[in-house]
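Report on one structure; see the data block that follows.
The values are calculated or read from the model by the stated rules, or taken from the named source; none is laboratory data. All values derive from a computational prediction rather than experimental measurement. Positions of Cβ are backbone-derived with ideal geometry, glycine not excepted, and every protein chain shown enters the neighbour counts. Just so you know, the surface numbers come from the protein's heavy atoms only, side chains and all, with ligands and any DNA or RNA stripped out. Shrake-Rupley method; radii C 1.70, N 1.55, O 1.52, S 1.80 Å.
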Amino acid sequence: VINPGNDQDYDTLVKHLYSQLRDKFPRRIIHLWGAEAPDPDEVVEIDIVDNHLITGFYSLIYLARAVGSLDITGNIYIDVVTCGIHEVTGHERLYPGKATVLGPLKVISQEYPHIICRNIDIAWPPNENKSFERSSTEQLLSEISSRSEDLIVAYRNNYRWVQSIMPISLPKPHEKTSFLRQEGVYLVTGGPGRIGLILALHLARSVQAKLILTSHS
């Protein structure tokens, strides 16, 4: 039993497992705190979002940091199971607090190349359905046991969906449709940064803008 919002608990757990198991340290971790069935009558309020952040976003960061501190060779797989973070059919109830887990999920493997994170999103039925729960559980076990390289997976009504990214070329706007005002006043937050300065230079040259550049300090 650990406190999901306490990073020290993850360090204690992982180091204890490592000291006891060594070569048998778990190579696959199943993160299920975001997979609970939704309450159809639940109103998404700030305290619920905060709880989703603790059991999802921060929990995954603390877990990856604890595992990454160990002297382990070979890959460690973390399967992050969620419910209600991907809109696939358009009929799902979505939870913005849970969706924040996608940030660390994509970045962790860049910080720790040997930790591979995947997201498996499921959709529980609005009412108790033992047959549906059984088939969903079987799908989930099959997905976790597979060696699939798909990092974002969603199951909806017995169908498996994967995320893909395709480039789209946007047409260049015509000069007459430009929303930039000649000698307009523009506020650029983070203006002293590299991207902010490039944007500010473009505004100054193209429309002779009056610029306000601010930094976080």
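Just a few scattered comments:
- Residues of the stretch 20-146: accessible area per residue with a 1.4 Å probe, Å²: 55
- Local electrostatic count, ILE2, Cβ distance below 15 Å [Lys/Arg +1, Asp/Glu -1]: -1
- Candidate lysines - alpha carbon under 26 Å from LYS172, same-chain residues fewer than 8 apart omitted: LYS210
- Each residue of the stretch 100-108 was assigned a 3J(HN,Hα) from its phi angle through the Karplus curve 6.51 cos²θ - 1.76 cosθ + 1.60 (θ = phi - 60°); the sequence is 5, 5, 5, x, x, 4, 7, 9, 3 Hz, with glycine and proline shown as x.
- Assigned charges on the beta-carbon of Lys, Arg, Asp, Glu; the chain dipole about Cα centre (debye): 1020
- Candidate values (1) 25.9, 101; (2) 22.6, 70; (3) 16.9, 48, label of the one derived for Rg and Dmax of the Cα atoms in Å: (2)
- Under-5 Å amide H pairs with ILE78, H placed in peptide plane, nonlocal only: ILE29, ILE116, CYS117, ARG118
- Counted charge near TRP161, where neighbours are those whose Cβ lies closer than 12 Å (Asp, Glu -1; Lys, Arg +1): -3
- On the stretch 88-217, 58 percent of the accessible area sits on carbon and sulfur atoms, based on a 1.4 Å probe.
- Beta bridge orientation in the chain: antiparallel %, DSSP, nearest 5: 15
- For ILE152, the residues whose modelled amide H falls within less than 5 Å of its own, excluding neighbours fewer than 5 places apart on the same chain, are ASN119, GLN163.
- Net charge of neighbours whose Cβ lies under 13 Å from the Cβ of SER135, counting Lys and Arg as +1 and Asp and Glu as -1: +1
- Check: the stretch 131-217 dipole with +1 on Lys, Arg Cβ and -1 on Asp, Glu Cβ, in debye: 460
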